[in-house]
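Novice: Take this structure, written in structure tokens, and hold onto it; I'll ask about it next.
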Amino acid sequence: MKNMYKFLVAALIIASSATMNAQNDENRWAFSVGINAIDLYPVGEESQGLGGYFDEFFNVDHYNILAAPTRFELGYYIGDGIVATAAGSINKIDRAGETRIDELTYVSLDGGLRYNLNELWNGSYLFNPYLGVGGSYQWLEDDGFGTFNGTFGFDIAVTENVAFNIQTTYKHAFEDAFPKHWQHVAGIKFTWGATDTDEDGIVDSKDECPETPGLEEFNGCPDTDGDGIKDSEDDCPNEAGPMENNGCPDTDGDGVLDKGDKCPDEAGKAELMGCPDADGDGIADGDDNCPNEAGLAKFNGCPDSDGDGIQDSEDECPNEAGVAELNGCPKPVMPTVEVQKQLNEYAKTILFELNKADIKKESEEVLMDIVEILNEYPEAKFTIEGHTDSSGSASYNEKLSDSRALSVKDYLTSHGVDKFRLTSKGYGEAKPIAPNNTKAGRAQNRRVEINLVKENMDN
């Protein structure tokens with residue numbers, strides 16, 4: 001048990017001295033340092049007083065051990081799980097099973113091939129069992145001999161570039177005169193040689209972007225904008241954005257990605273390429289001359305409330321449909337021919353005191369009918385004309401007709417008709433509508449007419 005204790009203690013001392021960095025599949029070189037134990041007993045030589053194969057295999061009292069680093073191995077990973085190895089070891093032999101013998105110096109040079117069993121099931125590098133075959137040449141003092149070797153061992157990862165190594169090798173001597181034996185090894189294996197072309201700390205074999213520095217979480221691929229999406233899957237690799245937008249930003253949160261948003265700092269509508277439309281008229285505020293009033297595209301977003309084709313800002317009557325020549329105001333409503341005829345039928349019935357301009361009381365009713373008609377056409381202007389027959393002098397008749405026309409005008413304005421809409425004039429006997437040589441004709445010529453002013457008719 002003392003020898004086993006020495007064997008384990010020595011292995012742990014070596015393990016505690018390891019300070020290597022991370023490893024991966026491209027760490028082609030490996031160097032192992034450890035201790036070895038030679039066991040001459042379980043070799044199938046019962047006739048020689050030794051044990052059968054594997055008899056008392058773990059009886060450490062049979063082991064020949066030096067408590068110091070006594071074995072060194074260099075390995076090179078060829079590929080497909082195969083490793084070529086070369087090793088050298090030294091020991092002191094003073095027992096064969098329970099039999100003590102004179103101490104002999106043991107030196108061995110080994111070479112072989114090893115197969116990592118993890119290749120069969122793509123296992124983790126944390127535990128890597130292997131099988132090996134090879135040969136070696138040993139010296140016991142001055143006598144040398146060759147052996148054919150078969151090895152089983154395993155590595156247990158300590159860090160990514162450091163592993164604790166345990167293996168046992170059966171060495172079968174080619175000549176019967178020399179001893180078959182087992183060589184057990186415990187040590188530390190260091191690996192190196194990984195290629196990291198882009199120097200991002202991730203070796204090329206594990207680096208999906210070996211020529212571009214990247215991050216470990218993306219297997220060596222970059223995330224230029226730091227948004228947690230690697231550049232190859234990021235539609236906007238130079239601008240940070242969320243996963244749901246494939247890495248593209250939406251600064252204003254309107255659902256339109258910045259790369260397609262004409263107004264990336266203002267929330268807007270998709271149909272307006274991300275620009276706002278405060279008045280909801282379908283015209284982006286930046287193109288809308290009236291951004292706070294819903295309007296029409298042909299007026300650059302400004303309204304035409306009355307729908308007359310003149311925008312409100314240029315319409316003097318924005319709530320009434322009008323015409324351009326009146327700056328958007330409607331044409332005045334003019335009385336029809338029938339209405340004008342009715343006015344004059346009423347006017348002809350207006351009676352005056354004899355040779356005076358005073359209106360008789362019985363005419364007030366018809367005058368109020370005239371007021372009502374005139375007020376139905378507030379934009380229309382009228383002239384009130386007085387006429388007489390040919391009785392009396394022409395100057396007298398003109399003066400009388402003028403006074404009577406003015407009297408009618410004054411009555412109408414005093415009862416609500418705008419005075420600026422009315423003018424009056426007397427024509428005397430100058431415009432008869434019937435012969436003055438009969439009583440009936442003279443009666444027709446004594447009259448008042450209310451006529452629409454010609455400028456109204458032009459409109």
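Coordinate-derived values only; no laboratory data. Computed from a predicted model, the values in this text were never measured in an experiment. Because the Cβ atoms are built from the backbone with ideal geometry, glycine has one as well, and the counts that use them run over all protein chains shown.
Novice: So if I restrict to the alpha-carbon atoms in region 37-105, what is the Rg, and what is Dmax, the biggest pairwise distance, in Å?
Specialist: 15.4, 45
Novice: What does the convex hull of the Cα atoms of region 144-265 come to per residue, in Å³, rounded to a whole number?
Specialist: Cα-based convex hull of region 144-265, divided per residue, equals 139 Å³.
Novice: Taking 7 Å along the Cα-to-C-beta vector as the label spot, tell me the Glu320-Asp55 distance in nanometres, rounded to one decimal.
Specialist: Distance between the two pseudo-spin positions: 13.1 nm.
Novice: Three principal axis extents, largest first, for the C-alpha atoms of region 340-384, in Å?
Specialist: For region 340-384, the Cα extents along the three principal axes come out at 34, 19, 16 Å.
Novice: So, one more: Please work out the Kirkwood hydrodynamic radius for region 276-408, using every pair of different C-alpha atoms, and report it in angstroms with one decimal place.
Specialist: Evaluated over region 276-408, this radius sits at 19.1 Å.
Novice: Measuring from centroid to centroid over Cα atoms, what is the spacing of region 139-195 and region 301-330 in Å?
Specialist: Here the two parts' Cα centres lie 103 Å apart.
Novice: Per residue of region 294-305, in order, report the coupling 6.51 cos²θ - 1.76 cosθ + 1.60 (Karplus, θ = phi - 60°) as ³J(HN,Hα) in whole Hz, putting x for Gly and Pro.
Specialist: These are the phi-based 3J(HN,Hα) values: 4, x, 10, 4, 5, 10, 6, x, 8, x, 10, 4 Hz.
Novice: Here is a further query. In terms of Cα to Cα distance under 17 Å, which aspartates and glutamates are near enough to Lys262, apart from those fewer than 8 places away along the same chain?
Specialist: The reachable aspartates and glutamates, counting only those whose Cα sits under 17 Å from Lys262, are Glu239, Asp250, Asp252, Asp254, Glu271, Asp277, Asp285, Asp287, Asp288.
Novice: Another one. Scattering from the C-alpha atoms of region 213-347 alone, worked out with Debye: what is log10 I(q)/I(0) at q = 0.10, 0.15, 0.16 1/Å?
Specialist: Once normalised to I(0) and log-transformed, intensities are -0.58, -0.81, -0.85.
Novice: Using a cut-off of under 12 Å, list every residue of region 384-402 whose amide N is near the label point 7 Å from the Cα of Thr423 along the Cα-to-beta-carbon line.
Specialist: Taking a point 7 Å out along Cα→Cβ of Thr423, the residues of region 384-402 whose backbone N falls under 12 Å are 384-385.
Novice: Cross-link candidates for Lys439: which lysines have Cα within less than 20 Å, leaving aside residues fewer than 8 places away along the same chain?
Specialist: Result set, ordered by chain and number: Lys348, Lys356, Lys431.
Novice: Put a dot 7 Å past each Cα toward the Cβ at Phe152 and Glu353; how far apart are the dots in nm?
Specialist: In this crude spin-label approximation the distance works out to 15.2 nm.
Novice: Restricting things to alpha carbons, tell me how big the chain is in terms of Rg and Dmax, in Å.
Specialist: 61.1, 183
Novice: Here's something else I'd like to know. Just how far, in whole angstrom, is region 341-401 from region 92-107 if you go by their alpha carbon centroids?
Specialist: That distance is 159 Å.
Novice: When the convex hull of the Cα atoms of region 2-192 is projected onto a plane and the area is averaged over all directions, what value comes out in nm²?
Specialist: 10.3
Novice: How big is region 337-458 by the Kirkwood estimate over distinct Cα pairs, in Å?
Specialist: Evaluated over region 337-458, this radius sits at 14.5 Å.
Novice: A further question on this structure: Within a Cβ distance under 13 Å of Glu345, other residues only, what is the Lys/Arg minus Asp/Glu net charge?
Specialist: 0
Novice: If you don't mind, another one. Cross-link candidates for Lys230: which lysines have Cα within less than 21 Å, leaving aside residues fewer than 8 places away along the same chain?
Specialist: Reachable lysines: Lys206, Lys259.
Novice: Taking just the alpha carbons, could you work out the radius of gyration and Dmax for region 91-183, both in angstroms?
Specialist: 16.1, 48
Novice: Starting with the fewest neighbours, write out Trp121, Trp182, Trp29 ranked by other beta-carbon atoms found within 10 Å of each beta-carbon.
Specialist: In order of increasing Cβ crowding within 10 Å: Trp121, Trp29, Trp182.
Novice: With labels modelled as points extended 7 Å from the Cα through the Cβ direction, what inter-label distance (nm, one decimal) is found for Ser414 paired with Glu98?
Specialist: Simple spin-label model gives 16.1 nm for this pair.
Novice: Counting only residues 5 or more places away or on other chains, whose amide H sits under 5 Å from the amide H of Val323 once H atoms are built in the peptide plane?
Specialist: Placed amide hydrogens put Gly328, Cys329, Lys331 under 5 Å from Val323.
Novice: Show log10 I(q)/I(0) for region 399-459 at q = 0.16, 0.24 Å⁻¹, two decimals, from a solvent-free Debye sum over equal Cα scatterers.
Specialist: Reported log10 I(q)/I(0), two decimals: -0.63, -1.01.
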